[in-house]
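The next block holds one structure in the form of structure tokens; read it before the comments.
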């Protein structure tokens with residue numbers, strides 16, 4: 001590299017998981033002698049915080065989050081779990097580098113520690129009824145594979161299980177809501193049957209961060225961890241405080257226009273019209289915002305994005321999940337069980353606050369977490385606090401009706417609710433394959449750079465792990481590697497499947 005070479009300007013739009021992963025990877029692996037010059041990195045974030053849809057409310061939060069003080073403990077109102085925690089899992093690697101392991105920073109949730117009550121009888125169903133749910137899904141998958149056209153998962157769920165269940169059975173619909181609809185954030189009536197059964201996953205336990213996902217995203221921002229060695233692998237090492245390279249994030253910077261050509265990129269800030277010029281831009285804007293025409297959110301691309309990218313944005317689904325954290329003065333429910341559920345049929349009832357996580361089993365706080373899933377999620381966002389508590393209390397009373405030792409309080413507890421659909425910087429929770437779309441839709445839309453200048457990242461760009469934190473993380477790293485490759489005039493590795501030592 002010649003002395004005085006011009007800096008290579010890279011802008012990362014968004015400081016959620018994928019944006020932080022991209023920025024951290026660039027900082028940790030950039031080699032000025034090979035990449036055409038020193039790195040000039042700008043990270044723009046529309047919010048007043050990092051993390052995106054990984055959002056941990058904590059008692060020391062800024063004034064705008066003071067409602068969380070009453071919880072007295074970190075509470076994840078966005079992503080919560082590391083799904084399939086194992087040595088190969090990229091988020092588990094970050095946790096390990098930070099000294100967080102199961103039993104010491106990571107807490108396992110036990111899906112088998114569950115008590116489900118049938119709404120119409122108030123009784124607990126037989127254990128084999130869950131097997132019936134899985135059996136019916138397998139039947140639906142076989143039908144989907146033989147079908148000439150794609151249909152929704154719901155349309156494929158015809159027939160009857162050996163135990164007599166149909167898709168209209170209350171218990172089946174409970175498992176549908178807490179399984180497929182929770183995992184995808186989409187209603188079963190809109191989920192692609194061709195694509196709804198092909199999600200890839202890591203083999204391991206389901207764990208949550210004892211101190212919330214902020215443990216991860218703050219480490220990425222602060223430089224407490226170092227990512228990679230420049231190869232197509234996830235390598236994470238801890239960094240001593242004196243050697244850290246923190247990311248400088250600019251807050252309140254919402255981009256309203258992205259202009260690009262083969263020579264570079266110009267990004268226009270929505271509030272003051274300030275223009276950022278760059279050689280490359282990594283765009284981690286959520287799919288919901290890319291789809292949005294809301295003037296508080298919308299982004300214009302000049303020229304228009306390639307047809308395959310625009311069509312992918314239009315066709316893919318972007319669903320919603322509502323989380324409600326309930327803090328009570330004391331624990332009034334049985335303490336040992338991890339999950340409580342109410343099985344009832346019909347939309348939106350099957351997904352409207354029928355699933356409860358006993359947070360007290362994972363910490364010392366008297367907290368229950370419940371969810372609105374599938375078609376119930378958008379409806380729940382529009383309900384008043386009083387209406388939400390009435391619906392929750394009614395379901396809790398049914399769940400514990402046969403337990404003479406339990407009395408559900410009448411008074412509404414301290415309550416915090418997520419509102420991702422109403423959030424102009426999210427416009428929903430996460431991505432699903434709608435009818436007519438597939439992994440190929442995602443790969444075609446986001447798998448290649450636009451004009452060699454725009455690189456998309458985020459959970460919606462992960463064909464293998466859409467809707468997950470690790471999918472967002474991996475695509476952020478992938479985009480960073482592609483920028484490095486372009487700066488060197490070399491082809492980038494286009495697989496998001498990570499090799500491991």
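Where a number appears in this text, it was derived from the coordinates with a stated rule and is not lab data. Keep in mind it's a predicted model, so treat the numbers as computed, not measured. Neighbour counts are summed over all protein chains in view; Cβ atoms, including those assigned to glycine, are modelled from backbone coordinates with ideal geometry.
As a rough footprinting exposure proxy, the listed residues 89, 470 were ranked by other beta carbons within 10 Å of their own, and the order from fewest upward is 89, 470.
Between 0 and 90 degrees, the angle of helix 469-487 with respect to the longest Cα principal axis of the chain falls at about 10 degrees. At an R0 of 25 angstrom, the distance between the Cβ atoms of residue 271 and residue 222 translates into a FRET efficiency of 0.40.
Mean projection of the alpha-carbon convex hull of segment 334-478 over all orientations, in nm²? Show your work: numbers first, answer last.
Values: hull surface 47.1 nm².
About 11.8 nm², averaged over all directions.
Relative to the current alpha-carbon distance between residue 158 and residue 6, full extension at 0.36 nm per residue lengthens the span by 48.4 nm. In segment 1-60 the Cα-Cα distances spread across 10 Å bins starting at 0 as 21, 40, 24, 11, 3, 0 percent of all pairs. By the beta-carbon count within 10 Å of each Cβ, the least crowded to most crowded order of 202, 432, 133, fewest first, is 202, 133, 432. Beyond 20 Å, what share of the Cα-Cα pairs of segment 113-220 is found? Please give it as a whole percent. Tail fraction, whole percent: 51. The shape of segment 233-350 comes out oblate: with a ≥ b ≥ c from the C-alpha gyration tensor, a/c is at least 1.5 while a/b does not beat b/c.
Neighbouring Cβ atoms within 10 Å as the yardstick, rank 321, 8 fewest first. Walk me through the numbers on the way to the answer.
Details: 321 27, 8 22.
Result, fewest neighbours first: 8, 321.
Against the chain, whose longest principal axis comes from its Cα atoms, helix 129-146 is set at around 50 degrees. Roughly speaking, what % of Cα-Cα pairs in the chain are separated by over 37 Å, rounded to a whole number? It works out to 29 percent of all Cα pairs. Computed packing ranks the peptides 177-190, 395-408 as 177-190, 395-408, most packed first, by mean other Cβ atoms within 10 Å. Rounded, prolate or oblate: which one fits segment 172-302, using the alpha carbon gyration tensor with axes a ≥ b ≥ c (rounded when a/c is under 1.5, else prolate when a/b beats b/c, else oblate)? The shape class here is oblate. For the peptides 378-384, 20-26, the ranking by mean Cβ contacts within 10 Å, running from highest to lowest, is 20-26, 378-384. Computed from label points 7 Å out along Cα-Cβ, the spacing between residue 311 and residue 239 is 4.2 nm.
Here the simple spin-label model places points 7 Å from the Cα toward Cβ, and for residue 304 and residue 201 these points are separated by 3.9 nm. Mark the label point 7 Å from the Cα of residue 189 along Cα→Cβ and return the residues of segment 320-363 whose backbone N is within less than 18 Å of it. Within reach of a label on residue 189, which here means backbone N under 18 Å from a point 7 Å along Cα→Cβ, segment 320-363 contributes 320-321, 344-353. From the square roots a ≥ b ≥ c of the eigenvalues of the alpha-carbon gyration tensor of segment 394-446, which class results: rounded (a/c under 1.5), prolate (a/b over b/c), or oblate? Since a/c reaches 1.5 but b/c is at least a/b, the shape of segment 394-446 is classed as oblate.
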